[in-house]
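Here is the structure we will look at.
The values are calculated or read from the model by the stated rules, or taken from the named source; none is laboratory data. Quick caveat, the model's predicted, so the values are computed rather than measured. Using ideal geometry, Cβ is built from the backbone for each residue, glycine included, and neighbour counts are taken over all protein chains shown.
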Amino acid sequence: MMTSDLTSHIARCVGGDRWVVSWLPGRTLSGQQAVTAMTIASAGTGQAPSDAQWAILDGLALELGLTAREALGMVAIETHDLHRPGPRPRSLE
């Protein structure tokens, strides 16, 4: 599992070199892409990025098929919690 002190988002290995990241639900990433996603999530906290930081973030986001603005928007709005277990199955009794 990958975590960061700068964000509540996490990445979790689901087998082999396949990872899921909390702010990209429904997507399976490589290990390197998961590191990139966590780097973007960590950068999405605090002050607005400078022009130079936007350029770096655009390059990182491109590895995920996104723009920096798309990625940071998703980091900000996505609250999918990979720590929390899914819903419990209902009993027919």
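Annotations for the structure displayed:
- Test: residue in region 15-27 that is in a helix (DSSP H, G or I) and in contact with a helix residue (DSSP H, G or I) (Cβ under 9 Å, 6 or more places away or on another chain): no
- THR36, sole failed condition from (1) surrounded by fewer than 20 Cβ atoms within 10 Å (Cβ to Cβ); (2) of a type outside the set (Gly, Ala, Ser); (3) within 13 Å of the chain's Cα centre (by Cα): (1)
- Residues of region 1-49 that are over 16 Å from GLY73 (Cα atoms) and of a type in the set (Gly, Ala, Ser): SER4, ALA11, GLY15, GLY16, GLY26, SER30, GLY31, ALA34.
- Among residues of region 1-26 that are within 11 Å of SER42 (Cα to Cα), those with a Cβ under 7 angstrom from a residue that is assigned to a loop (DSSP other than H, G, I, E, B) and of a type in the set (Ser, Thr, Tyr), sequence gap 6+ or separate chain, pair up as LEU6/THR45; THR7/THR45; HIS9/SER22; ILE10/SER22.
- Flag if SER42 is at pLDDT below 95, of a type in the set (S, T, N, Q) and surrounded by 14 or more Cβ atoms within 10 Å (Cβ to Cβ): yes
- For the residues TRP19, TRP23, the requirement of being buried (at least 19 other Cβ atoms within 10 Å of the Cβ) and touching a Gly at 6+ places or on another chain (Cβ under 7 Å) singles out TRP19.
- Top-ranked residue of region 49-86 - restricted to ones that are more than 13 Å from the chain's Cα centre (by Cα), surrounded by 11 or more Cβ atoms within 10 Å (Cβ to Cβ) and not in a helix (DSSP H, G or I), ranked as modelled with the lowest pLDDT: PRO49
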